[in-house]
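Below is one structure, written out as structure tokens, with a few remarks after it.
The values are calculated or read from the model by the stated rules, or taken from the named source; none is laboratory data. Please read these numbers as outputs of a predicted model, since none were measured by experiment. So basically every Cβ, Gly included, is an ideal-geometry build from the backbone, and we count neighbours across all protein chains shown.
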Amino acid sequence: MTTDSVTVSKATPTHQAKQAYVYIRQSSMGQVLRHGESTDLQYRLVERAVSLGWPRDRIQVIDDDLGKSGASSEQRLGFQFLIAEVGLGRAGLVISLDASRLARNNSDWYHLLDLCSMFGALIADSEKLYDPRLYHDRLILGLTGMMSEAELHQIRTRLHAGGRHKAERGELRIFLPAGLARQADGTITLNPDQEVQARLRLIFDKFAELGSARAVRKYLSENHLLVPTHHNSGPAHNRIEWSVPSGSNIRYILHNPAYAGAYVYGRRATDPARRKPGQPGSGIILLPIDKWAVCIRDHHPGYISWETYLANRARLQANRNRFNKGGQGVPREGKALLQGIVICGRCGRHMSTGYTGQQGEYPYYRCDGDAQIFGGPSCQQVRAPQLDVEVERLVLAALEPDRIVLALDALDQLELEMKALNRQWELKLERARYEALRAQRQYDAVDPDNRLVARTLEHQWEQALRAIEQLEREYATWKLENQSEITPQNRQEILAIGEDLPKVWNAQTTTNADRKYLLRLIVKQVIVDQKREQGKVWFQINWQTGACTQHIFTRTCISYQQHGEATRIEQRVRELHANGVNDRLIAETLNAEGLRTTYGQPFKYHNIYDLRSTWGIPSAKEEGLEPNRLRWADGSYTISGVVDAVGVTKGTVHSWLEKGIIKGTHTGPYMLWKIALTDEEILSLRKRARSHTHPPREKKIGR
Ligand SMILES: [Zn+2]
């Protein structure tokens, strides 16, 4: 007790008037359980505080950090509380079994030392009492901190090196995902449970087919299939659990190299910059394959080949990438057919897909390149429907020679899928039957007089039987709903449909995602530029075969300013209108000449009316309200003019023109005739009309 008699002098009444804090910590729960005596020893520090002159009611034990590692103060609420108390000047003494328990990290440790010296708190361990204000004590405490951190570092290095050496030999027991099992001798085999195996195979097959973890999840959910999982800790350790399919558990399976038969160590690392306070598991990143510490291929049997694993990884990566990172993205359900494969022909960036309209019914492709980076105007925005139709037409035309092959493939695919699903059902049923059998055995084994137990077991047995019934019913319904579709009779139908690819393409059952998927098998990219030529959309299809074709079409637009044929339309409307042609006929004429409105529709008379008012062409009076033009400015006659002057029908005038009795010119269909007639000619025509068998018409047309 000599040390205490020396040190007691350090503890003055000023110190003793403040609180004494006894800090207790064991770094892991295992230590807490196994080294109970050490914990007891730590609690005995209270006695030590008493012996140093603190009354019991002024001694506070901080044991919030039991079972927490001392590597950093984060998560250690007790330590944080201690720091706060010292900082508030409430602490006279901080006591711990040995100083290193206070902090295993230099910065935490010096922080505490600084605060203690500033606010005059003493630090004690089981042997000594230190005053951080005294040079010697401070030196010793500082060294203790450094030693402590160095020690921790050494322990870590040794543990890590040990683990790594074992891992390099493939002997370190890595955590195995569901579907793999470790035998007594340490070798890894497939989990003998057939249902687990089949489900995992289904997940891999479906990913190969659908191409996205999300689609696989959707597929499993729709078919009420669960995902086998393992927990690496807790009471259910290493037991298969069936979880609801989620994006994360499916991605976990796809990302796990153990399924490809590889033994991998050091696949993850912690990135301190990405850690989030209060989330211990945060900041973990998956390392690229070449950074893995250990990777032994063909270490154990797997579900997929290493090549498939690499392909899956690449596929997941491509799905995850945003357009501007160069990935295609996943085909989605939206209407925009070229989503993910359309490239801006002006700046070469991937174009994003958007929807306008109240229900988002108008899809478009947009290049935001400059707008996103420099805040400038968006590069271009191309409306999707017209472009999609053009591409679709070209693709369907390109596909014709191969259509039968494709149809057969589609059929095989369907059949395979149904078989796979059927197998899943059979396994489910088998499991249920096994459960029932086990319940029955348990019931049989119990002494019938033990009513309490027997009743419970009987109940369990009944439940298991009911589960079978339920499952059988569901299976039957599923068969009705799904399997009937590909009975031999329907085979011919499907073949027939398949032969006609446009029909398959347009079938109601073909979803937008299916179409996009099909399209991507054929088309790599579509490059679009709608500013190359006014009112037109230029595009290039880069086919998967490596061929490129260029195309152009007149686009629909909102205003005639953007219309590719705007000048021609205006010229024709002015010309026809000047010839006295009414709007209805102008519309028909333009349509006949192959011109279309901004929306790509045939012209109607009101379109012409609107256009004339836009272009300031004065409105003509409607037919019937004003007499038709009779004479031209140069004195020549129109048909109506001849009718009026001679007193014959329009038909007669036309027949005279045909026969060459009178001569006239006109610039085109619907154009007014110009017929030059002298007064003498009019008179002779009148005579000719009177001599005609038909009586002259009484009623004059017009006026
Ligand atoms: Zn662009």
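What the table below lists for this structure:
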item	result
Qualifying residue in the stretch 566-583 (condition: free of Cβ contacts under 8 Å to residues at least 24 places away in the same chain, small (Gly, Ala, Ser) and not in a loop (DSSP other than H, G, I, E, B))	yes
Scope the stretch 161-182; condition part of a loop (DSSP other than H, G, I, E, B) and surrounded by 15 or more Cβ atoms within 10 Å (Cβ to Cβ); matching residues	Gly170, Leu172, Ile174, Leu176, Pro177, Ala178, Gly179
Yes/no for Thr487 being at pLDDT below 85, touching an Asp or Glu at 6+ places or on another chain (Cβ under 9 Å), in the same structural domain as Leu338 (by TED's automatic domain parsing) and among the polar types (S, T, N, Q)	no
Members of the stretch 567-588 found to be hydrophobic (A, V, I, L, M, F, W, C) and at pLDDT below 80, listed by number	Ala578, Val581
Selected residue (only one of Val8, Val86 is modelled with pLDDT under 75 and of a type in the set (A, V, I, L, M))	Val8
Residues located in the stretch 102-160, provided they are of a type in the set (Gly, Ala, Ser) and in a helix (DSSP H, G or I)	Ser107, Ser117, Gly142, Gly145, Ser148, Ala150
Selection count, the stretch 443-453, where residues are in a helix (DSSP H, G or I) and surrounded by fewer than 16 Cβ atoms within 10 Å (Cβ to Cβ)	5
Single condition Leu200 does not satisfy, out of (1) at pLDDT below 90; (2) buried (at least 17 other Cβ atoms within 10 Å of the Cβ); (3) within 15 Å of Trp242 (Cα to Cα)	(1)
Filter result for Leu77 (modelled with pLDDT of 75 or more and not hydroxyl-bearing (Ser, Thr, Tyr))	yes
Out of Pro228, Pro192, sole residue that is at pLDDT 80 or above and part of a strand (DSSP E or B)	Pro228
Any hit, the stretch 385-393, residues being within 16 Å of the ligand (Cβ to nearest atom), touching a Leu at 6+ places or on another chain (Cβ under 8 Å), outside any helix (DSSP H, G or I) and at pLDDT 80 or above	no
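Conditions (1) more than 16 Å from the ligand (Cβ to nearest atom); (2) at pLDDT 80 or above; (3) not assigned by TED's automatic domain parsing to the domain that holds Cys548, marked per residue:
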{"site": "Arg274", "(1), (2), (3)": "yes, no, yes"}
{"site": "Gly283", "(1), (2), (3)": "yes, no, yes"}
{"site": "Ser305", "(1), (2), (3)": "yes, yes, yes"}
{"site": "Asn312", "(1), (2), (3)": "yes, yes, yes"}
{"site": "Leu337", "(1), (2), (3)": "yes, yes, no"}
{"site": "Gly345", "(1), (2), (3)": "no, yes, no"}
{"site": "Met351", "(1), (2), (3)": "no, yes, no"}
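Here is a yes/no grid of residues against (1) outside the structural domain of Leu52 (by TED's automatic domain parsing); (2) under 27 Å from the mean Cα position of the chain (by Cα):
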{"site": "Leu141", "(1), (2)": "no, no"}
{"site": "Met147", "(1), (2)": "no, no"}
{"site": "Glu151", "(1), (2)": "no, no"}
{"site": "Gly170", "(1), (2)": "yes, no"}
{"site": "Gln194", "(1), (2)": "yes, no"}
{"site": "Tyr219", "(1), (2)": "yes, yes"}
{"site": "Leu226", "(1), (2)": "yes, yes"}
{"site": "Trp242", "(1), (2)": "yes, yes"}
